[in-house]
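> Starting off with a structure, shown below.
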Amino acid sequence: MQRKKNKDPTNPIHKLRQIQLLLLLLNIFLTHSLQYFYTASTGIERFPRFVAVGVVDGEQIDYYDSVSEKNVLKQTWMEGVRDESRITDIRRGAQQSFQGNIGIAMERFNQTTGVHIFQWMYGCEVDDETKELNGYEQFGYDGEDFITLDTKSGSWAAPKQQAVITKHKWDSDTANTAYKLDYYTTICPDWLKKYLNYGKSSLMRTVLPSVSLLQKSSSLLVTCHATGFYPNKAELVWRKDGVEFHNGVHKGEILTNNDGTFQMSADLNISSVPAEDWRMYDCVFQLAGVNKDIVTKLDREVLKTNEGPSGFPVGAVVGVVVGAMVLLGVAALVYFKCFKKENDGKDQKIFSLFTMTIYLKFPSVLVLKFK
């Protein structure tokens, strides 16, 4: 059988794919973010009714829950950056507000009991190169968008009928709208810049991963697994004859290890790959700030399975669950992975976590009420 030659670097398709990958990596690598997550819940036993988390560039900076009622720093470089007693007071106030808001939401949806989750996320992203700013603020209830702010115009969008009354009230609050616009254009980017400056030795570091090829017994999937890298701005792809391809490839999300580093994987279906063609395939890992790629050839000699003495590193994969729970104060993984809603036959992931922002520049905390 004659094989198609597509490794030629002068091939226009090859060049286009290289450019697309480069643009993707540049877009990922040059963006910094500051995010806050607040979550209130009811009906979940042995779980905090309120959780708040702050995250800079994917790295958790603090944590608060309704059990301890104390804000806890998660990074040593955050010490002395702000008044933590004030942050604790802010989150205690938000805890009361959110527990009231989830009750109001239940009333609007004619609910009296059961597991319900009310969430709020907002933050900002800054492009290092273009200095473009993007802000976002969203509320979610039981896995679906409830109300969202357009941070450019200051107007609210209510995809749920139950949120329309809130939209009208918040749209008419001109003082709050002015504050929001100022927050996303000035305050949030300023705090992000400050955090990046204090935490640059940690946030700007680069750590290369170990990359392994894994295969469970009798499986037609070979998993390229990279673990232990930092930051979480990375790309993992499969190539054939030096050209990236997507057919038969399934990429997983970047997950957190319990030591603060990250891991990711990409599965390759080898059902249609003859044994003699394995040498044509490789897995490529690329990390922000590192010019050299890690290339791992598809080779039975380096393949780890759960049959031989090399063993399938289940511990490393399972350990990410613990790490991710630490990253988002346990709540994120519980909500994202366990509590799913059915909607028109499709699983709906629970709306991502949120938190109230830090209002250190203002004498009082702005608390939004549904009614």
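The values are calculated or read from the model by the stated rules, or taken from the named source; none is laboratory data. Treat the numbers as computed from the prediction; the structure is a model and nothing was measured. Heads up, the Cβs are rebuilt from the backbone with ideal geometry, glycines too, and the neighbour counts pull from every protein chain shown.
> I'd like to check which strands (runs of 3 or more DSSP E) are fully inside region 231-274 and have at least 1 residues that are of a type in the set (Val, Ile, Thr), in contact (Cβ under 8 Å) with a residue 60 or more places away in the chain and touching a strand residue (DSSP E or B) at 6+ places or on another chain (Cβ under 8 Å).
234-240
> Quick test of your reading of the structure: residue 280 fulfils all but one of (1) farther than 30 Å from residue 75 by Cβ; (2) surrounded by 16 or more Cβ atoms within 10 Å (Cβ to Cβ); (3) at pLDDT below 60. Name the failing condition by number.
Failing condition for residue 280: (3).
> Are there any pairs with C-beta distances below 6 angstrom linking a residue in region 33-54 that is part of a loop (DSSP other than H, G, I, E, B) to a residue that is surrounded by fewer than 23 Cβ atoms within 10 Å (Cβ to Cβ), with the two at least 6 apart or on different chains, and if so which?
Cβ pairs passing all conditions: 43/114; 43/115; 44/115; 48/65; 48/66; 48/67; 49/66.
> Based on what the data block shows, is residue 137 surrounded by fewer than 19 Cβ atoms within 10 Å (Cβ to Cβ) and under 23 Å from the mean Cα position of the chain (by Cα)?
no
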